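A quick write-up on the structure given underneath.
The values are calculated or read from the model by the stated rules, or taken from the named source; none is laboratory data. No experiment lies behind these values; they were computed from the predicted model shown. Positions of Cβ are backbone-derived with ideal geometry, glycine not excepted, and every protein chain shown enters the neighbour counts.
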């Protein structure tokens, strides 16, 4: 029994992190669906939901003004979710410059802020963005060009996480995000991505259905509804937004915990996603999303079963597991003593364990009914100070 449990857990872990990418590589060689991308200038509504974004709002609006797209075809909408830090006051100076502000005096969460923004959107295409990321000048033009293909209903841009010297981050979270983008690019080539990048994505306005209150992952719910409706949700790496990579594993853990709580919410509210004949990207969704939720329990099963198998290869694997988790514990202890630089040797197992504890914490939050749908991005940014996204 211990042997079966060990190899089942081992196989699942290897499939999620290695086997699935290899499957996508082979699959893409057999089935590849290029997009008929043609540049066009249709009407676009850019919707940005904000709560307390006093530090970011002016730079974000200026960034929107600098976008390479005809001003008469670009509607800029800021949907405010009961700000308390003066964000609304700073936005008043832009209302005469083409920025439309929708303000709710009662805190309702990002999903309802987006619903309010969409209610006044006039564009044929609706683009979503976040306050903390900078859009490349050509971002709107690149996204819109994909909608010349009638099979496309949603387009995700690429978030580039910047590290030191304004270069793309190549370690820690930055390295993980590069891996994630390669997966999404292959999924997009085959059919669709199981979710968009919240900082930069667009949809056909006619396909939008108001989000349920408390929705955590709008950037997964919206495109997956479109995929279930028969259209594609693709990734276009040429449409870019820029953010800052988080240096602290603890800060990234908080973001990951919220995201994974949202995944449980997603499957509870959209069970049809787990029905193979309803979901055209069932294999991608299960391998990419569900697999990440299952891995922590497989890691636990691998370790526990290994305690009963201590001969030959099993002894070596058991020793390596003990060393790995001891390194993670030491890094956790050091970080709580104020050590900001752990070194890659300690930081990698620490980050790995934290990221795999996040699905367990996410399940706890979901089962207990504790909502993370009201998101304070400014608070997250404060935890990222001192970081290298």
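Observations on the structure shown:
- Checked against (1) touching a helix residue (DSSP H, G or I) at 6+ places or on another chain (Cβ under 7 Å); (2) at pLDDT below 95; (3) over 19 Å from residue 75 (Cα atoms), residue 153 passes all but a single condition, namely (2).
- Sole residue being closer than 19 Å to residue 253 by Cβ, at pLDDT 90 or above, in contact with a helix residue (DSSP H, G or I) (Cβ under 8 Å, 6 or more places away or on another chain) and surrounded by fewer than 19 Cβ atoms within 10 Å (Cβ to Cβ), chosen from 332, 324: 324
- Looking only at the stretch 95-116, and only at residues there that are in contact with a strand residue (DSSP E or B) (Cβ under 8 Å, 6 or more places away or on another chain) and assigned to a helix (DSSP H, G or I), the one that is farthest from residue 129 (Cα to Cα): 95
- Matching residues, the stretch 201-217, being at pLDDT 95 or above and within 13 Å of the chain's Cα centre (by Cα): 201
- In the stretch 74-93, the qualifying residues are those that are farther than 15 Å from residue 50 by Cα and either in contact with a helix residue (DSSP H, G or I) (Cβ under 9 Å, 6 or more places away or on another chain) or surrounded by fewer than 12 Cβ atoms within 10 Å (Cβ to Cβ) (or both), and the one that is modelled with the lowest pLDDT is 93.
- Selection count, the stretch 271-296, where residues are farther than 11 Å from residue 227 by Cβ, touching a helix residue (DSSP H, G or I) at 6+ places or on another chain (Cβ under 8 Å) and not in a helix (DSSP H, G or I): 2
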